[in-house]
Number of protein chains: 4
Amino acid sequence: MLNVALLGAGRIGQVHARSMIANKDSRLVAVADVMAEAARTLAASVGAEARSVEDILADASIDAVLIATSTDTHSDLIERATAAGKAVLCEKPVDLSLERALRCQAAVAGSGKPVMIGFNRRFDPNFAALKGALDAGEIGRPELLSITSFDPAPPPVSYIKVSGGLFRDMMIHDFDMACWIMGGAPAKVTAVGSSIVDPEIGAAGDVDTAAVTLSWDDGRIAVIKNSRRAGYGYDQRVELLGSKGLLSARNVLENTVEKITTNGASSAKPVYFFLERYMRAYEAEWTAFVASLASGGTVPVTLRDGIAALALAEAATQSAKSGEAVAVTPQMLGA
Amino acid sequence: MLNVALLGAGRIGQVHARSMIANKDSRLVAVADVMAEAARTLAASVGAEARSVEDILADASIDAVLIATSTDTHSDLIERATAAGKAVLCEKPVDLSLERALRCQAAVAGSGKPVMIGFNRRFDPNFAALKGALDAGEIGRPELLSITSFDPAPPPVSYIKVSGGLFRDMMIHDFDMACWIMGGAPAKVTAVGSSIVDPEIGAAGDVDTAAVTLSWDDGRIAVIKNSRRAGYGYDQRVELLGSKGLLSARNVLENTVEKITTNGASSAKPVYFFLERYMRAYEAEWTAFVASLASGGTVPVTLRDGIAALALAEAATQSAKSGEAVAVTPQMLGA
Amino acid sequence: MLNVALLGAGRIGQVHARSMIANKDSRLVAVADVMAEAARTLAASVGAEARSVEDILADASIDAVLIATSTDTHSDLIERATAAGKAVLCEKPVDLSLERALRCQAAVAGSGKPVMIGFNRRFDPNFAALKGALDAGEIGRPELLSITSFDPAPPPVSYIKVSGGLFRDMMIHDFDMACWIMGGAPAKVTAVGSSIVDPEIGAAGDVDTAAVTLSWDDGRIAVIKNSRRAGYGYDQRVELLGSKGLLSARNVLENTVEKITTNGASSAKPVYFFLERYMRAYEAEWTAFVASLASGGTVPVTLRDGIAALALAEAATQSAKSGEAVAVTPQMLGA
Amino acid sequence: MLNVALLGAGRIGQVHARSMIANKDSRLVAVADVMAEAARTLAASVGAEARSVEDILADASIDAVLIATSTDTHSDLIERATAAGKAVLCEKPVDLSLERALRCQAAVAGSGKPVMIGFNRRFDPNFAALKGALDAGEIGRPELLSITSFDPAPPPVSYIKVSGGLFRDMMIHDFDMACWIMGGAPAKVTAVGSSIVDPEIGAAGDVDTAAVTLSWDDGRIAVIKNSRRAGYGYDQRVELLGSKGLLSARNVLENTVEKITTNGASSAKPVYFFLERYMRAYEAEWTAFVASLASGGTVPVTLRDGIAALALAEAATQSAKSGEAVAVTPQMLGA
């Protein structure tokens, strides 16, 4: 039985809390939040204590923490928690600054404590089935990957201003998916972006629609398409052409009903809310973290993976500005 | 807050227990089972007490019971629980004997207590969406209904011998679906059945494959197809032709991945286990029961509905033997 | 090279004429019709001569005739053409009267000339692929067949009055499909029908909506559903549960475009017109007829097949009236 | 009635010949080919004369020519035919050299004769339905277009050496599709390509796998993915995100049969051969050409359209080499 604490009692912290209490091999004993009231409310509903971060890190009976605080605190908390001997599962991204994330990596290296980054999509049953089929050799070697990732509606412009931009905030998931599926980071990044959904987003210095091409030295190519606004739902698809066939993971729909009338056939939309799509992925993510600690194995998504995704986001941001392909160097990818 | 008790701690009782503790408006306070150990284990895992049925019925603080015991005890327990002033949610079928179920209905009539029958499929989000579209007039008036309901694998022959037969045990769900969708019981039943899946089932006096046609006096027709063994999964579909179009509810698949190779395109099977398909339905069923008690409204599936399904099962059993259409009389349908 | 003549220059005759001139192994030399003008027009457009039936049958250079005249002339023309030494492809049904069709069969038996009946659906590439997969053992042995066959709109009531009724006019195709797929005629027929689409059809003594169950002595079952009016298109589907899996042939759609908006996902309807669906089937049917004559093999759909379908139509008509299962006797199925 | 001649009796010329003789408003009177025997054989099978190009161009009774000769003769023949007063439908591409194509455009400008370029995919019923829905405003304004175009198998390396490269030979279709759907040429082209399918293709100086991003000044983006080898069939899809929804045109499959067994669900592959997919498009293309001449309207695909596609191919070829975005100038797009 693993004693665990949750740092951050906001929306995503509440999501994780559900998985933490459902898991039979972990016990959620404490919740911390800068908003004391939020910590208290969440703690009460899950039978845990509201405590300060300091308290939690100082408590030797706590084995691991899940960091679900604001992004600017991630690196600090990862460093402090590992220094205090805790295993860590930290929400993505590691940091908005690649440089800071690399320093974090250096700092935790000595601790020997596992740090897992919360790229939940790897644990979606559909994407996991696609990856499993690829690894089983069902379509030969991968050649051309395509990731479509559209949000239903853009966040407020106020959020966008502090988000680090579409590449670091939204496409970071897809960069991780690409590295995971292809088995490593690409050599080059070419990006095109625009703010066609909402000119306010452009005025805030960001893009809302983007296409990024990743290329590997052996000729493999990946294309990622992002839009901040699909309108109809949360559109999350992956398609991979291999030397012996094509794999695709389609959307999860609201229901299975089809109607045919003189106006045509109609069926359900993709689910709209990210939790409808990914709740099972969050559960599986937590299960995988707990299982890796129990077995003493490697966590399935490493800090290095988190840094690779961040490096690609950085490269894409540059390429979208310069119009030139940006090389991904070993330095950018960390230790 | 509703205080509730669970009678029956077997497989289906355990399923219901999950929904009961997840619901914020009900508190599961007691569990009973003829196997005292089963009651204790389940009670412990959900924070309830293991008690006897007598104790539970005598406890005035308990508002409602969920009956998930063996079928032959349903009528008795419904009568005793309502007499003791409890609201009841009872698993299907009401009874294997239509005559006994009709007596049960007469007995509870005076109690004024609500009795809901657990036809969980009405609460499946897909079938509910189909019914909602019909009720919204999206395909005009219903004309020709088709229900496909195949189990992945037959139960042991020992079970079949005490099951009441395919029409009472398995197709009972589909009879209820047909009455629910069409808005009332049909006038006639025509049934054909055979034991082609397993001759042992035939030797036990039952069929494993059947097609039943229901017809209403206004010309509406429903066709139900059952097989005890689809092999590939739990195949549960509904299709309805209306005067202005067609509605269909397709299967729930294991995942959304598709593969295309020189061998063709392949995708996931329907989910295999009934809980994968209907867990959300069980949750919604319990929620609806609790909500109807809270509002003082009618339960969404009545004892009369349970009797109608049983009457159709009886008629189908007769028709499959005689080769003749069997009329459904008001007497068979109860009060 | 086969010299062939077409008897009947109406709508379906014109359809066949297209296939006849497209086939490289047959030459359409003559067209006959009771409406001389119709024969002349069609003949001119395909480079053939308009001639009388007498002339055509007396012309020893003509090897085969395709009979596409009105149903009441089929038996006579089959008898005369085979007596004159011609091979025959005759449109379905053989006759509206089973008794007349049986006499026809007896009459042609001595001629030794092949008579093929035009059940075009066997030659639809989709249904043929389903049958091919079954025959290749892909789903084990057949157990439960389901045929859905809905017309887009009912014919005029004036036509219905002379059509022989839904079972002989429309479901005859599905009876043949069932016998073809299952590999022989069933032992019993149970039918339910109503006129819910249009009371005028009921007033004319026919049904417009029907469900028929066929059963074989070894336990196999088939269900056929017909409606004269689906509204949205020509709905033609087959589904077969076997001991090792399920095969289904879905509809042919107008196009492959899908749209997703906040209102849901929408896609194309089934094609509306029977020729859009079955033009390729008519071509393949003629090709198969010509090929069987060239090879001296058996025609792929025999007069006996035509009689079996007619016998099932007769049995269904009786069963729909009596409410009882009707046995299919060897006498009904002909020689 | 339009008198037309066909220049080129090779594979694609034979395809066009079928459409030309099926059209009731055009009469195919002559066929020319550098291989006299090929011209004679094709001419005989369609009831036309085999004649020389000189003869055909000098014949005042011939209104239009379809040019289906080798690419290096296109510009010359367009110039000569228009100078001789003929309307022209010329196979894509106009030329492998953008400079030569621009001179051709200048040369024909004075003739006043219409020149249509054979981008057949615009006439595919599925893509046409997608474009129709867009133009009808069904998804608002276009934002992010995605074109997937995979050939089943690469051509011989000997062909690739003279093909002008993947961007000019294969992706040229997709460049035209992008301009057609988006309503004009983009401002910038970014391309990435590799030879991962076959190193021999790379050794011949070409790529076999490529991703190209087009961007418009107003923020619209298009992504085109090409592979010379999908293996499983001819994979041709278009997907367009608009401000109010998503449109997609999926593949045409070999048949509509689905099978479900314990191994999963399987269905048909996309059709393999380009003619299975595009025969109807070729017919509709010819019909549109003839109709535009009859009405005196503009041809639906102009020489300018052909030049735009070629300019994008040129830009993509450059960008794939330099790793930089290439601007598309008015000069490149011609008059």
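The values are calculated or read from the model by the stated rules, or taken from the named source; none is laboratory data. The model shown is predicted, which means the values in this text are computed figures rather than measured ones. Glycine also receives a Cβ, built like all others from the backbone with ideal geometry; neighbour counts cover every protein chain displayed. Accessible surface areas use protein heavy atoms only, side chains included; no ligands, DNA or RNA. Shrake-Rupley method; radii C 1.70, N 1.55, O 1.52, S 1.80 Å.
Among the residues of the range B:184-197, is there at least one that is more than 12 Å from chain C (Cβ to nearest Cβ) and surrounded by fewer than 23 Cβ atoms within 10 Å (Cβ to Cβ)?
Among the residues of the range B:184-197, at least one is more than 12 Å from chain C (Cβ to nearest Cβ) and surrounded by fewer than 23 Cβ atoms within 10 Å (Cβ to Cβ), which makes the answer yes.
Which one of D:Gly264, D:Gly306 is among the small types (Gly, Ala, Ser) and closer than 30 Å to A:Ile196 by Cα?
So the residue among D:Gly264, D:Gly306 that is among the small types (Gly, Ala, Ser) and closer than 30 Å to A:Ile196 by Cα is D:Gly306.
Inside the range C:138-223, counting only helices (runs of 4 or more DSSP H) that do not spill past its ends, which hold 2 or more residues that are more than 20 Å from the chain's Cα centre (by Cα)?
C:157-162, C:199-203
Among the residues of the range B:284-318, write down those that are of a type in the set (Val, Ile, Thr), part of a helix (DSSP H, G or I) and over 20 Å from B:Asn3 (Cβ atoms).
Answer for the range B:284-318, where residues must be of a type in the set (Val, Ile, Thr), part of a helix (DSSP H, G or I) and over 20 Å from B:Asn3 (Cβ atoms): B:Ile307, B:Thr317.
When residues of the range C:2-44 are filtered for being under 15 Å from C:Phe289 (Cα atoms), out of contact with any Phe, Trp or Tyr (no Cβ under 9 Å at 6 or more places or on another chain) and open to solvent by 50 Å² or more (accessible area, probe 1.4 Å), how many remain?
4
Given A:Gly334, A:Gly264, which one is at positive phi, free of Cβ contacts under 8 Å to residues at least 24 places away in the same chain and open to solvent by less than 40 Å² (accessible area, probe 1.4 Å)?
A:Gly264
Show the residue pairs meeting these rules: Cβ distance below 9 Å; 6+ apart or different chains; first residue within the range C:181-204 and in contact (Cβ under 8 Å) with a residue 12 or more places away in the chain; second residue surrounded by fewer than 16 Cβ atoms within 10 Å (Cβ to Cβ) and of a type in the set (S, T, N, Q).
Within 9 Å, the pairs are C:Val189/C:Gln318; C:Ala191/C:Gln318; C:Ile196/B:Ser243; C:Val197/B:Ser243; C:Ala204/C:Ser158.
Within the range D:110-119, how many residues are open to solvent by 30 Å² or more (accessible area, probe 1.4 Å), touching a helix residue (DSSP H, G or I) at 6+ places or on another chain (Cβ under 6 Å) and modelled with pLDDT of 95 or more? Walk me through how you get there before you give the answer.
Our first condition is that a residue be open to solvent by 30 Å² or more (accessible area, probe 1.4 Å); within the range D:110-119, this holds for D:110-114.
Adding the requirement that they be touching a helix residue (DSSP H, G or I) at 6+ places or on another chain (Cβ under 6 Å) leaves D:111, D:113.
Among the residues that remain, those that are also modelled with pLDDT of 95 or more are: D:113.
Adding up the residues that qualify gives 1.
Scan the range D:120-169 residue by residue and report those that are of a type in the set (Gly, Ala, Ser) and surrounded by fewer than 16 Cβ atoms within 10 Å (Cβ to Cβ).
Here is the first cut: in the range D:120-169, the residues of a type in the set (Gly, Ala, Ser) are D:128-129, D:132-133, D:136-137, D:140, D:146, D:149, D:153, D:158, D:163-165.
Residues satisfying the conditions are D:Gly132, D:Ala136, D:Gly137, D:Gly140, D:Ala153, D:Ser158.
Note down all Cβ pairs under 6 Å where the first residue falls in the range D:138-151 and is closer than 17 Å to D:Gly233 by Cβ and more than 9 Å from chain A (Cβ to nearest Cβ), the second is surrounded by 22 or more Cβ atoms within 10 Å (Cβ to Cβ) and of a type outside the set (Phe, Trp, Tyr), and they're at least six residues apart or on different chains.
As it stands, the answer is D:Ile147/D:Asp174; D:Ile147/D:Met177; D:Ile147/D:Ile224; D:Ile147/D:Val238; D:Ser149/D:Asp174; D:Ser149/D:Asn226; D:Ser149/D:Gln236; D:Asp151/D:Arg228, since those pairs meet every condition given.
Here's a check for you: in the range A:257-283, which residue that is closer than 19 Å to A:Met177 by Cβ and outside any helix (DSSP H, G or I) is nearest to the other protein chains (Cβ to nearest Cβ)?
Per the criteria, the residue is A:Pro270.
Among the residues of the range B:238-277, write down those that are of a type in the set (Ser, Thr, Tyr) and at pLDDT below 95.
B:Tyr272
Condition (residue is within 11 Å of chain B (Cβ to nearest Cβ), at pLDDT 95 or above and closer than 27 Å to C:Asp151 by Cα) applied to the range C:291-314: is it met by at least one residue?
Checked against the condition, which is being within 11 Å of chain B (Cβ to nearest Cβ), at pLDDT 95 or above and closer than 27 Å to C:Asp151 by Cα, the range C:291-314 yields no hits at all.
For the range D:217-250, enumerate the residues that are out of contact with any Leu (no Cβ under 8 Å at 6 or more places or on another chain) and crowded, with 22+ Cβ neighbours inside 10 Å.
Within the range D:217-250, D:Gly231, D:Gly233, D:Tyr234, D:Gln236, D:Gly245 qualify.
Listed residues A:Ser227, A:Ser248, A:Ser243; which is touching a residue at least 40 places away in the same chain (Cβ under 8 Å) and more than 9 Å from chain D (Cβ to nearest Cβ)?
Residue meeting the stated conditions: A:Ser248.
Please indicate, with yes or no, whether at least one residue in the range D:285-293 is crowded, with 16+ Cβ neighbours inside 10 Å and over 30 Å from D:Val252 (Cα atoms).
yes
For the range B:170-183, name all the residues that are out of contact with any strand residue (DSSP E or B) (no Cβ under 9 Å at 6 or more places or on another chain) and open to solvent by 30 Å² or more (accessible area, probe 1.4 Å).
Our first condition is that a residue be out of contact with any strand residue (DSSP E or B) (no Cβ under 9 Å at 6 or more places or on another chain); within the range B:170-183, this holds for B:172, B:180.
Listed by number, the list holds a single entry, B:Trp180.
Could we say that C:Val212 is facing chain B (nearest Cβ under 9 Å), β-branched (Val, Ile, Thr) and in contact (Cβ under 8 Å) with a residue 40 or more places away in the chain here?
Against the criterion (facing chain B (nearest Cβ under 9 Å), β-branched (Val, Ile, Thr) and in contact (Cβ under 8 Å) with a residue 40 or more places away in the chain), C:Val212 qualifies.
Looking at (1) touching a Lys or Arg at 6+ places or on another chain (Cβ under 9 Å); (2) open to solvent by 20 Å² or more (accessible area, probe 1.4 Å); (3) more than 13 Å from chain D (Cβ to nearest Cβ), which is the one condition that is false for C:Ala107?
(1)
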